[in-house]
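Working notes, structure below.
The values are calculated or read from the model by the stated rules, or taken from the named source; none is laboratory data. Because the structure is predicted, anything quoted here is derived from the model rather than measured. Note that each Cβ is placed from the backbone with ideal geometry, even for glycine, and that neighbours are counted across all protein chains shown.
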């Protein structure tokens, strides 16, 4: 990005109908200084920059001809190019971001995306310094909050619970309805197709938020050994999911989006864990068997055209086994998968 500061000073001076001598007098500097600025021989001292901006009544961005919209387009292009490789070639993805940082050093949008790559693909030693940098320097509130959340997860993996808690405690307690965003305002205020488009997306997000909140509440009760309350939360978790399924049958086609299936079998497995803790072992076994049934059928197309479970069973059964042990169901018998 070119800094045409001298050209901009000349332009602003002429707009005010000032000569170089008159501008120098008003700023209490020499005529030669103004001439050198406008000729590009030298730049004003750092202390004089805000004085100039204030005198001409412009922002620092405008004084430096800093085209934010154009910059954002270039950053968008870098991010779009990198995202094509996020899952298939994470090293290539990171390379694109690192090259972008050479051109735009410390750009917080690029850093935030690079951080996601390192976190998703397990490069913790590279992720922590970037997250710490964003927490300390990011100006964008959303990027800073995202960095704090990411850094907290990294601290937890490093057994730094108090550091993670302190970071999370520093986040703003901000309820969604305090934000006048496009999705809500379109749903509330527009009509017809304009309303419908955004309301449908909003509904999906709210369904996800609700069942995840029920599950996390259940986890909290479980961790504090309040198993009756945990069971209530996990049953709510299940009911919310099943309320918004397309049918009572268990096929991939029955779910609103891919990913609901995992939550569905988890809801039954978590409830089984709670029932087992409460000594209701027969009911726990029924819940566990239902979880197993969902897992085996929820990635199969109803018309038989695809069976994603059969293509890669370990992808689905490994988490089931992990949660089976985590929710202390081993005393019911070996994991059935």
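A few remarks follow.
- Of all residues in region 119-144, those that are without any contact (Cβ under 8 Å) to a residue 12 or more places away in the chain have Cβ atoms under 7 Å from Cβ atoms of residues that are in a helix (DSSP H, G or I), 6 or more apart or on another chain, in 126/118; 144/134; 144/135.
- Some residue of region 174-186 being within 15 Å of the chain's Cα centre (by Cα) and either within 28 Å of residue 85 (Cβ to Cβ) or assigned to a loop (DSSP other than H, G, I, E, B) (or both): no
- Within region 6-26, the set of residues being under 16 Å from residue 63 (Cα atoms) and either free of Cβ contacts under 8 Å to residues at least 12 places away in the same chain or in a helix (DSSP H, G or I) (or both) comprises 6, 7, 8, 9, 10, 11, 12, 13, 14, 15, 23.
- Comparison of 136, 100, 122 shows that the only residue that is modelled with pLDDT under 95 and on the phi > 0 side of the Ramachandran plot is 122.
- Evaluation of residue 274 against the conditions (1) surrounded by fewer than 16 Cβ atoms within 10 Å (Cβ to Cβ); (2) part of a helix (DSSP H, G or I); (3) touching a residue at least 12 places away in the same chain (Cβ under 8 Å) shows that the sole unmet condition is (1).
- From 162, 185, residue being surrounded by fewer than 11 Cβ atoms within 10 Å (Cβ to Cβ) and touching a helix residue (DSSP H, G or I) at 6+ places or on another chain (Cβ under 9 Å): 162
- Qualifying positions in region 36-54 - in contact (Cβ under 8 Å) with a residue 12 or more places away in the chain and either surrounded by 15 or more Cβ atoms within 10 Å (Cβ to Cβ) or not assigned by TED's automatic domain parsing to the domain that holds residue 13 (or both): 37, 38, 44, 48, 49, 52
- Any hit, region 179-192, residues being in contact (Cβ under 8 Å) with a residue 12 or more places away in the chain and closer than 20 Å to residue 116 by Cβ: no
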